[in-house]
Amino acid sequence: MQHFPIFVALAGRRVVLSGGGEAALAKLRLLLKTEAHITVFSPDPSPEIRAWAGARRLRWVGRALEPGDALCTVLFYAADEDAGEDARTTALARADGALTNIVDNLGDSQFITPAIVDRDPVTVAIGTEGAAPVLARAIKRDLEAQLPSTLGLLARAGKAFRKLAEALPAGRARRDFWADYYFRAGPRAAASGEEAVQQSLDDLLSAHLARKPQTGHITFVGAGPGDPELLTLKARKAIDAADVIIHDRLISPAILELARREAVLIDAGKEGFGPSMTQDEINALIIRHGQAGAQVVRLKSGDPTVFGRLDEEIDAVDESGITWHIVPGITSASAAVAALGQSLTKRGRNSALRFITGHDSRGFADHDWRALARPGEVAAIYMGKRAARFIQGRLLMHGANPATPVSAVENASRPDQRILSTSLAQLPADLATAQLTGPALVLLGLAPRDAATALSELQQEEII
Ligand code: SAH
């Protein structure tokens with residue numbers, strides 16, 4: 001991020017603009033929405049600027065900018081529409097201590113003005129650091145369509161009501177009140193005007209004050225393999241409503257970004273190897289937050305019911321008497337096989353499918369190797385990287401064909417997804433060479449479908 005977005009308080013403060021043409025007008029129309037003291041320097045400004053000066057909405061000085069003109073100025077805009085004059089006026093303003101912007105000259109500007117969606121006091125600023133003005137305009141158009149025109153009214157009334165809403169205890173109760181107002185009662189009332197909005201606030205507050213305090217609840221949520229678009233709608237809603245999110249290390253940052261800003265995010269950091277919280281510590285953490293009345297989301301990668309130690313957590317929660325439910329997710333085997341363009345089962349090839357783990361609590365996990373070694377068998381192997389040599393040895397010992405196709409999909413569904421296509425004979429060597437550092441799913445008995453691989457590479461490129 002090269003530009004840090006902030007909102008600058010301009011009420012009663014000085015903003016200076018040099019220029020009097022179209023570029024100046026465009027900036028002034030925006031600046032006039034603020035309560036800044038605006039001064040325009042221009043020997044020959046357009047009639048609009050003269051009119052604004054006449055109406056005392058800004059001060060107009062009928063000459064070019066000179067040293068000292070931008071003293072005590074917060075923001076300075078060079079809108080001279082002349083590179084030489086822009087450079088001159090900007091240098092003067094900088095010397096006077098102002099933060100400077102040259103219209104349509106990103107490189108020489110100290111700050112830039114974003115695209116703005118204005119529902120005062122709600123303002124959405126969109127910046128692309130100059131990379132894609134077209135994109136900024138498209139986002140602005142979408143937001144304009146999405147944000148109802150009554151939003152400003154709701155927000156103003158809401159702001160004036162903040163003190164009264166403090167009658168509700170801080171945290172969950174107050175947030176629920178505001179969510180109810182902004183997303184339900186408020187928009188309904190807004191259609192009937194300002195008074196109805198005021199009334200809806202009063203009614204809603206009485207209703208919320210009469211409510212019993214919320215009890216805690218635990219939702220075990222599957223976050224899917226990493227692509228935020230592979231979250232279920234229920235997962236998304238649970239994340240939206242969570243006070244506390246206790247997540248695994250495998251959860252991608254793009255998904256954690258979706259959490260509310262006030263939500264407490266806790267990395268339970270449980271990975272097969274390396275430093276981690278113990279399961280008991282995680283259980284205790286979940287229960288502690290649940291007992292405090294929080295809506296807790298226990299966010300697990302993929303599907304929480306697949307190699308997620310879910311039952312241990314549920315048992316602990318059950319013992320504490322807190323309510324819970326499960327939101328399923330897309331398991332990484334589904335994402336991995338989709339990346340191969342294959343299916344997990346196929347008529348005439350395999351009528352059964354195994355989800356196996358390379359590891360269990362005792363070390364490398366044992367399985368029905370004889371059954372797995374049969375031609376046509378398909379197994380999705382979780383946590384299989386380290387166990388690859390062991391698995392290969394067992395399978396070959398039980399008569400598996402060394403040419404059996406094996407694929408490994410690292411970071412399935414994520415932008416850095418990689419597919420390794422190999423055979424049982426070559427598996428350990430190829431895995432070692434590929435140096436997969438991310439989570440990887442090994443698919444025994446499946447090779448990528450060529451066309452599908454090409455397609456997924458294409459998609460990858462598009463994503464990048
Ligand atoms: N509950 C998870 C599995 C947890 S076990 C699920 O349903 O997917 C952790 C293992 O899952 C990792 O070692 C890896 O084998 C697999 N895994 C998780 N996310 C993955 C991803 N994005 N790509 C490939 N494998 C993944």
Looking at segment 361-369, is at least one residue aromatic (Phe, Trp, Tyr) and over 29 Å from the mean Cα position of the chain (by Cα)?
-> yes
Give the number of residues within segment 355-376 that are out of contact with any Leu (no Cβ under 7 Å at 6 or more places or on another chain) and more than 13 Å from the ligand (Cβ to nearest atom).
-> 12
Pairs only if they're at least six apart or on different chains, beta carbon under 9 angstrom, first in segment 221-235 and under 19 Å from Phe307 (Cβ atoms), second among the acidic types (Asp, Glu) and open to solvent by less than 50 Å² (accessible area, probe 1.4 Å); list them, first residue then second.
-> Gly222/Asp303; Ala223/Asp248; Gly224/Asp303
Can you give me the number of residues within segment 415-437 that are open to solvent by less than 60 Å² (accessible area, probe 1.4 Å) and either modelled with pLDDT of 95 or more or not in a loop (DSSP other than H, G, I, E, B) (or both)?
-> 13
Does Ile245 fit the bill of being buried (at least 17 other Cβ atoms within 10 Å of the Cβ), at negative phi and in a strand (DSSP E or B)?
-> yes
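Please determine whether any residue of segment 274-285 is hydrophobic (A, V, I, L, M, F, W, C), in a strand (DSSP E or B), without any contact (Cβ under 8 Å) to a residue 60 or more places away in the chain and closer than 16 Å to Trp324 by Cβ.
So far as segment 274-285 goes, no, none of its residues is hydrophobic (A, V, I, L, M, F, W, C), in a strand (DSSP E or B), without any contact (Cβ under 8 Å) to a residue 60 or more places away in the chain and closer than 16 Å to Trp324 by Cβ.
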Inside segment 366-375, the number of residues satisfying the requirement of being in contact with a Gly (Cβ under 9 Å, 6 or more places away or on another chain) and open to solvent by 30 Å² or more (accessible area, probe 1.4 Å) is 3
Determine whether segment 159-176 contains at least one residue that is farther than 23 Å from Arg260 by Cβ and surrounded by 14 or more Cβ atoms within 10 Å (Cβ to Cβ).
-> no
Which members of segment 293-319 meet the condition of being away from the ligand (no atom under 16 Å from the Cβ), open to solvent by 40 Å² or more (accessible area, probe 1.4 Å) and out of contact with any Phe, Trp or Tyr (no Cβ under 8 Å at 6 or more places or on another chain)?
-> Asp315, Glu319
Elements of type strands (runs of 3 or more DSSP E) contained in segment 19-135, each with 1 or more residues being out of contact with any Lys or Arg (no Cβ under 9 Å at 6 or more places or on another chain) = 59-61, 99-102, 115-119, 122-126
Thr404: touching a helix residue (DSSP H, G or I) at 6+ places or on another chain (Cβ under 9 Å) and open to solvent by 30 Å² or more (accessible area, probe 1.4 Å), yes or no?
-> yes
Here the residues within segment 377-386 that are surrounded by fewer than 20 Cβ atoms within 10 Å (Cβ to Cβ) and more than 10 Å from the ligand (Cβ to nearest atom) are Glu377
Matching residues in segment 187-231 - criterion: being closer than 30 Å to His325 by Cα, β-branched (Val, Ile, Thr) and either more than 32 Å from the chain's Cα centre (by Cα) or open to solvent by less than 20 Å² (accessible area, probe 1.4 Å) (or both) = Ile218, Thr219, Val221
Yes/no for Ala263 being under 29 Å from Val327 (Cα atoms), without any contact (Cβ under 8 Å) to a residue 40 or more places away in the chain, in the same structural domain as Gly290 (by TED's automatic domain parsing) and within 16 Å of the ligand (Cβ to nearest atom) = no
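Here are some residues: Gly399, Gly329. Which one is touching a Lys or Arg at 6+ places or on another chain (Cβ under 8 Å), surrounded by 14 or more Cβ atoms within 10 Å (Cβ to Cβ) and not in a helix (DSSP H, G or I)?
Gly329 is the lone residue from the list that is touching a Lys or Arg at 6+ places or on another chain (Cβ under 8 Å), surrounded by 14 or more Cβ atoms within 10 Å (Cβ to Cβ) and not in a helix (DSSP H, G or I).
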Scanning for something within 16 Å of the ligand (Cβ to nearest atom) and out of contact with any strand residue (DSSP E or B) (no Cβ under 9 Å at 6 or more places or on another chain), does segment 391-413 turn up at least one residue?
-> no
Per-region count, segment 438-454, residues in contact with a Gly (Cβ under 6 Å, 6 or more places away or on another chain), open to solvent by less than 50 Å² (accessible area, probe 1.4 Å) and modelled with pLDDT under 95 | 1
Quick one: in segment 121-143, of everything that is among the small types (Gly, Ala, Ser) and under 19 Å from Val103 (Cβ atoms), which residue is modelled with the highest pLDDT?
-> Ala125
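The values are calculated or read from the model by the stated rules, or taken from the named source; none is laboratory data. Being a predicted model, the structure only gives us computed values, none of them experimental. Using ideal geometry, Cβ is built from the backbone for each residue, glycine included, and neighbour counts are taken over all protein chains shown. Ligands, DNA and RNA are stripped out before the accessible areas are found, and what is left, the full protein with its side chains, is counted by its heavy atoms. Shrake-Rupley method; radii C 1.70, N 1.55, O 1.52, S 1.80 Å.
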